[in-house]
Amino acid sequence: MDARHKAGHDGGKFMTFPDIVPELKRRLPNLRGRLIANQPLGEFTWFRVGGPAQALFMPEDENDLAYALANLPNEVPVTVIGAGSNLIVRDGGVEGLVIRLGRGFNDIASDDNHRVTAGTAMLDVMVARAAQKAGIAGLAFLSGIPGTIGGALRMNGGAYGGETKDILIEARGVDRAGNLRTFTNADMGFSYRHCSAPEDVIFTTAVFQGRAGSADEIAAEMAAIKEKREASQPRNRTGGSTFKNPPGKNAWKVIDEAGCRGLKIGDAQVSELHCNFLINLGHATAADIETLGETVRERVRAHSGIVLEWEIKRIGVN
Ligand SMILES: Cc1cc2nc3c(=O)[nH]c(=O)nc-3n(C[C@H](O)[C@H](O)[C@H](O)COP(=O)(O)OP(=O)(O)OC[C@H]3O[C@@H](n4cnc5c(N)ncnc54)[C@H](O)[C@@H]3O)c2cc1C
């Protein structure tokens, strides 16, 4: 099966890929999750831009995911997305199978040793709230990150002094060949907004270690995080921090010093409120946003010699 066709225009309106769903259904007769051809992905991302998935798959549970990956033809590329809060989907869409975990990956449980086990489709804030209710401290920082646990594992998400690497005991996932794999904290090779677990692994469950705490105090901590964020960050049509902080510096500051605050390309703008955030003013394309990011990188390099590294993941074709 050749899944690597370029997306084409459909009636001059939409970019679409050749429909691989009938052939996938034929080759994977026991698949239980939903499989949709040419599903627009913009609605699954915070920026609200981007083309379709050649095929979007929403597995029912971990076994369904493993079955799909074990039986999918090798040449079909696989991409997993979470809440799309750190993602630019390019305008031409994403070739192959795009996987989005849902209901079957939303379980959460805690135990007497202050451990929290969460499915990776869960939103970080829901995990933080469950820990707070159970009187488990140490996970409140997650309430400030608008992604899923899967995204937090891949990005080593962190905020206000806490990082995923500080609380993770182990993560479980499925690799491209369909094997179930378990990774200890050390196996994850965490560093700043990075995880070195193999790129093909789709995480399904995380086990976190918290500590005993007072539900009221944790609630107050979460309220303070919420207040700080609302005052300092745009919360709409953005991808959060665009670039990683360069060693010893703040990305927003070097961007500001290079004169980029408020800079616009098409309907994409460097936020006036927080200039490491890019925002879609309403009708931006993915190309506008990515070009704006590259323009910022170029201006910062010319101004200070600092080469900014993208924190936002960009997927798909132009
Ligand atoms: C307003 C705003 C504020 C933000 N503030 C912060 C912050 O304070 N700290 C911070 O760290 N981040 C922040 N972010 C960025 C973002 O929320 C985090 O990177 C988050 O962890 C991404 O999770 P996600 O589910 O949205 O992942 P996505 O954006 O969907 O994907 C991000 C990456 O994770 C991978 N991924 C997703 N799910 C899985 C999975 N199950 N298995 C394997 N890989 C997976 C994707 O392939 C992709 O490479 C912010 C974003 C916004 C929009």
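The set of residues in the stretch 102-135 being away from the ligand (no atom under 14 Å from the Cβ), of a type in the set (Val, Ile, Thr) and over 23 Å from ALA224 (Cβ atoms) consists of ILE108, THR117.
Yes/no per residue for (1) surrounded by fewer than 24 Cβ atoms within 10 Å (Cβ to Cβ); (2) in contact with a Ser or Thr (Cβ under 6 Å, 6 or more places away or on another chain):
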site	(1), (2)
PHE57	no, no
TYR67	yes, no
ALA70	yes, no
GLY84	no, yes
ILE88	no, no
ASN106	yes, no
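Within the stretch 125-154, the residues that satisfy the criterion of being buried (at least 24 other Cβ atoms within 10 Å of the Cβ) and under 17 Å from VAL80 (Cα atoms) are THR148, ILE149, GLY150, GLY151, ALA152, LEU153, ARG154.
Number of residues in the stretch 144-181 that are more than 10 Å from the ligand (Cβ to nearest atom) and on the phi < 0 side of the Ramachandran plot: the value is 13. Against the condition under 17 Å from the mean Cα position of the chain (by Cα), in a loop (DSSP other than H, G, I, E, B), within 13 Å of the ligand (Cβ to nearest atom) and within 23 Å of GLY158 (Cα to Cα), how does GLY50 come out, does it pass? No; evaluated as a whole, the condition is false for this residue. Here ASN276 fulfils each of the conditions (1) touching a strand residue (DSSP E or B) at 6+ places or on another chain (Cβ under 7 Å); (2) at pLDDT below 95 apart from (2).
The set of residues in the stretch 286-318 that are in contact with a helix residue (DSSP H, G or I) (Cβ under 9 Å, 6 or more places away or on another chain), closer than 26 Å to GLY96 by Cα and not in a helix (DSSP H, G or I) comprises TRP310, GLU311, ILE312, LYS313, ARG314, GLY316, ASN318. In the stretch 237-281, counting only strands (runs of 3 or more DSSP E) that sit wholly within it, the ones holding 1 or more residues that are of a type in the set (Ser, Thr, Tyr) and within 20 Å of the chain's Cα centre (by Cα) span 238-241. Within the stretch 305-316, which residues are away from the ligand (no atom under 15 Å from the Cβ) and surrounded by fewer than 16 Cβ atoms within 10 Å (Cβ to Cβ)? Correct list: GLY305, VAL307.
The condition of being open to solvent by 10 Å² or more (accessible area, probe 1.4 Å) and either of a type in the set (Ser, Thr, Tyr) or at pLDDT below 95 (or both) holds for only one of GLY12, GLY50, GLY33, that being GLY12. Condition check: away from the ligand (no atom under 16 Å from the Cβ) and closer than 24 Å to PHE243 by Cβ. Does ASP91 satisfy that? When the stated conditions are applied, ASP91 passes them. Residue count for the stretch 192-225 under the criterion of being part of a helix (DSSP H, G or I), open to solvent by 60 Å² or more (accessible area, probe 1.4 Å) and within 12 Å of the ligand (Cβ to nearest atom): the result is 0. All conditions in (1) on the phi < 0 side of the Ramachandran plot; (2) under 19 Å from the mean Cα position of the chain (by Cα); (3) among the small types (Gly, Ala, Ser); (4) at pLDDT 95 or above hold for ALA186, with the sole exception of (2). For the stretch 155-183, the tally of residues that are farther than 21 Å from PHE141 by Cα and either open to solvent by 60 Å² or more (accessible area, probe 1.4 Å) or touching a residue at least 24 places away in the same chain (Cβ under 8 Å) (or both) stands at 11.
The values are calculated or read from the model by the stated rules, or taken from the named source; none is laboratory data. What you are looking at is a predicted structure, and each value in this text was computed from that prediction instead of being measured. For neighbour counting, all protein chains shown are included, and Cβ atoms are generated from backbone atoms with ideal geometry for every residue, glycine included. The accessibility values were calculated without ligands, DNA or RNA, using every heavy atom of the protein model including side chains. Shrake-Rupley method; radii C 1.70, N 1.55, O 1.52, S 1.80 Å.
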